[in-house]
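Q: A single structure is presented below for examination.
The values are calculated or read from the model by the stated rules, or taken from the named source; none is laboratory data. Given the structure is predicted, the values throughout are model-derived calculations rather than measurements. Here Cβ is always computed from backbone atoms with ideal geometry, including for glycine, and neighbour counts include all displayed protein chains. Just the protein is used for accessible areas: all its heavy atoms, side chains included, with ligands, DNA and RNA removed. Shrake-Rupley method; radii C 1.70, N 1.55, O 1.52, S 1.80 Å.
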Amino acid sequence: MKTLYIVRHGQTEFNKLGIIQGRGVNTDLNDEGRKQACQFFEAYKTVPFDKIYISALKRTQQSIQPFIDLGIPFEKLSGLDELAWGVHEGQAPTTDNKAAFLQIMRDWLDGKLDSKFEGGESPLEVEKRQREALEVIMSHPEEKTVLICMHGRAMRLLLCILTGKPLSEMDTFPHQNLVLYKVIYNGEKFEIIDFNNAEHLKHSEEQK
């Protein structure tokens, strides 16, 4: 038995501006992202996490730093990095790149999972490194409750892997900054028991 709390990182300025990040852009959280990190910590600080896994990009560590500050051990796995968008990384949205994104999403939906942008990664390439990262995470039976912080597109792909869905169905997993998917492994299969949970982000807003 193992319980995985899988979250996307908090908001960055590039998220706010709609600028493409990906694996090659190592941005910091903005003020809103830091607030989201505090909201998530307040909601889940009593969960007895045995281990934290993050990507190699600093926005994931910044998102769960309060848990690390409690002394919970953490490990960086580059297999959890965001999908690389290649030549489009760091680019503001334009008519041309919006069209290019729409086309590649169609390709992926059609099962053309080796499609990628120049200098970028395909879903199949991300799957390979994610399976390696998952092997590391699952090789520690003593870690019963685990916190994983990663990235939007990568998280969608990981959730497909965990639930046995084809990668072409990645868009069935919605997300926003610092949203939670809670997944239980019963020794044989993974099951999502908390789907796209953003309640921790709403409570603070209600208290204002």
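Q: Over the chain, with the other protein chains present, what is the accessible area per residue in square angstrom, probe 1.4 angstrom?
A: On the way: 9820 Å² over 208 residues.
Result: 47 Å² of accessible area for each residue.
Q: Still on this structure, please answer the following. Match the structure shown to one of the listed values (1) 19.4; (2) 18.6; (3) 17.4 of Kirkwood radius over Cα pairs in Å, computed from it, and give that label.
A: Computed from the coordinates, Kirkwood radius over Cα pairs in Å corresponds to (3).
Q: Right, something else. In whole percent, and with a 1.4 Å probe on the protein chains, what portion of the accessible area of the chain is carbon and sulfur?
A: Values: 4950 of 9820 Å².
About 50 percent, which is the carbon plus sulfur part of the accessible surface.
Q: Find out how many positive minus negative residues lie around Phe14, taking Lys and Arg as positive, Asp and Glu as negative, among other residues whose Cβ is under 11 Å from that of Phe14.
A: On the way: positive: Lys16, Arg59; negative: Glu13, Asp28, Glu89.
Net local charge, Phe14 excluded: -1.
Q: What FRET efficiency comes out for Leu17 versus Thr163 if R0 is 41 angstrom and r is the Cβ-Cβ distance? Round to the nearest 0.05.
A: In this case the efficiency is close to 0.80.
Q: Note the full-extension length gain between Thr95 and Asn186 as 0.36 nm times their separation in residues minus their Cα-Cα distance, in nm to one decimal.
A: Working: separation 91, 0.36 × 91 = 32.76 nm, distance 4.60 nm.
Stretched out fully, the Thr95 to Asn186 stretch lengthens by 28.2 nm.
Q: Ordering Tyr5, Tyr185 by accessible area with a probe of 1.4 Å, largest first, what comes out?
A: On the way: Tyr5 20, Tyr185 55 Å².
Of Tyr5, Tyr185, the descending order of accessible area is Tyr185, Tyr5.
Q: Order Thr95, Thr12, Thr163, Thr3 by their accessible area, 1.4 angstrom probe, all chains in place, largest first.
A: Values: Thr95 115, Thr12 0, Thr163 55, Thr3 30 Å².
Per-residue accessible area, sorted high to low, gives Thr95, Thr163, Thr3, Thr12.
Q: For Thr12, what residues show an amide H to amide H distance below 5 Å, using hydrogens built from the backbone and excluding near sequence neighbours?
A: Under 5 Å from the amide H of Thr12 lie the amide H atoms of Asn30, each far enough along the sequence or on another chain.
Q: Compute, for Lys2, the solvent-accessible surface of its heavy atoms (probe 1.4 Å) with the complete set of protein chains present, and express it in square angstrom to the nearest 10.
A: Around 10 Å² of this residue is reachable by solvent.
Q: Can I ask one more? Only bridges whose two residues both fall in segment 2-201 count here: according to DSSP, what percent of them are antiparallel, nearest 5? Mind dumping the intermediate values first?
A: Values: 12 of 25 bridges.
Just about 50 percent of them are antiparallel.
Q: Let me ask another. Expressed in nm to one decimal, what extension gain is obtained for the pair Leu102 and Glu75 from 0.36 nm per residue of sequence separation less their Cα-Cα distance? Don't skip to the answer; put the middle values down first.
A: Values: separation 27, 0.36 × 27 = 9.72 nm, distance 3.45 nm.
Here the answer is 6.3 nm.
Q: Assuming R0 = 41 Å, what is the FRET efficiency of Leu109 and Val136, from their Cβ-Cβ distance, to the nearest 0.05?
A: Numbers: r = 30 Å, r/R0 = 0.73.
With a Förster radius of 41 Å, E is 0.85.
Q: With Cβ to Cβ distances under 10 Å as the rule, what net charge do the other residues near Gly152 carry (K, R +1; D, E -1)?
A: Summing Lys/Arg as +1 and Asp/Glu as -1 gives +2.
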